[in-house]
Amino acid sequence: MISYLKGIVAGIQTISGNRVVLTLEVNGLGYDLQVPQKLAQQLPDSGGVAQIFTHFQIRDEVPLLYGFASPAERDLFRHLLTVSGIGAALAIALLDTLELPDLVQAIIAANIQVLIQAPGVGKKTAERICLELKSKLIEWRKSAGFFVATGGPAPGILEEVQMTLFALGYTAHEVSHALHVVSEDIGLPKDAYVEDWIKQAIAHLSSEQVG
């Protein structure tokens with residue numbers, strides 16, 4: 001089918017809540033693609049050129065095109081669609097909530113607290129995603145050509161740290177990035193006290209907001 005489209009950004013509009021539709025003009029034809037909000041924010045202004053990797057789907061006899069920033073993002077979207085009860089809206093919500101490596105790592109590590117930060121994803125749905133995709137993604141991430149960051153607290157500490165930071169209003173992406181920075185750049189040991197992880201993460205997040 002259509003692997004990707006390269007053309008001129010003709011317009012971007014938000015429809016019914018978080019649904020973002022990109023109109024891309026290719027050789028005089030306008031294609032409507034539903035895209036993650038994250039991608040929409042990265043696109044050039046109207047008249048600029050963009051290359052979008054696509055997934056074609058027919059739902060209720062209506063043809064739909066979904067657009068993504070990379071083949072890996074599109075492939076993960078397709079993996080998510082294979083999970084029972086996961087439709088395109090939830091799959092895109094997950095892609096919008098976390099960066100690709102963080103999302104893959106959360107699924108492989110069965111990090112439920114991170115996954116339920118995505119709008120519409122409850123605990124049972126998150127558990128089902130992990131159960132059905134863990135082994136597939138362990139293999140897929142190797143062939144996809146990227147490696148998941150390993151920085152962060154030890155598993156027994158991670159959940160408590162994340163829950164505290166989420167309760168303070170930080171997003172899943174902000175939390176994942178902060179814990180990686182604290183581990184890799186600051187060098188805090190994986191088995192350091194929960195309070196130390198929280199303190200260092202908040203200090204980093206506060207400096208980011210000030211910057």
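The values are calculated or read from the model by the stated rules, or taken from the named source; none is laboratory data. Just so it is clear, the model here is predicted, and its values are computed rather than measured. Methodologically, a virtual Cβ is constructed for each residue, glycine included, from the backbone with ideal geometry; neighbour enumeration extends over all protein chains shown. Heads up: the accessible areas ignore ligands, DNA and RNA and are worked out on the full protein's heavy atoms, side chains in. Shrake-Rupley method; radii C 1.70, N 1.55, O 1.52, S 1.80 Å.
About the Cα centre, and with charges only on the beta carbon of Lys, Arg (+1) and Asp, Glu (-1), how big is the dipole of the chain? Nearest 20 debye, please. Its charge dipole is roughly 540 debye.
When the residues 204, 180 are ordered by accessible surface, computed with a 1.4 Å probe over the protein chains alone, the sequence from largest down reads 180, 204. Accessible area ranking (1.4 Å probe, heavy atoms, ligands and nucleic acids excluded), largest first, for 8, 112: 8, 112. Considering only 117, 90, 176, and ranking their Cα positions along the charge dipole of the chain that arises from unit charges at the beta-carbon of Lys, Arg, Asp and Glu, the one farthest toward the positive end is 90. Charge dipole of the stretch 71-144 (Cα centre as origin; +1 on each Lys and Arg Cβ, -1 on each Asp and Glu Cβ, all else neutral): 220 debye, rounded to the nearest 20.
Extension gain for the segment residue 56 to residue 199, taken as residue separation times 0.36 nm less the Cα-Cα distance, is 47.0 nm to one decimal.
Computed in the context of the full set of protein chains, the accessible area of the chain at 1.4 Å probe radius has 52% of its extent on carbon or sulfur. Using only side-chain charges placed at the Cβ, +1 for Lys and Arg and -1 for Asp and Glu, the dipole size of the stretch 155-209 relative to its Cα centre rounds to 60 debye.
Under the rule a/c < 1.5 gives rounded, and otherwise a/b versus b/c splits prolate from oblate, where does the stretch 71-144 land using the Cα gyration tensor? Rounded is the answer for the stretch 71-144, as its axis ratio a/c remains below 1.5. Think of the stretch 4-68 as having a plus end and a minus end, set by charges on the Cβ of Lys, Arg, Asp and Glu; of 49, 64, 27, 49 sits farthest toward the positive end of this dipole.
Judged by the mean number of other Cβ atoms found within 10 Å, the most tightly packed of the peptides 191-199, 55-63, 72-80, 98-106 leads the ranking 98-106, 72-80, 191-199, 55-63. Summing Lys and Arg as +1 and Asp and Glu as -1 over all other residues whose Cβ lies under 10 Å from the Cβ of residue 38 gives a net charge of -3.
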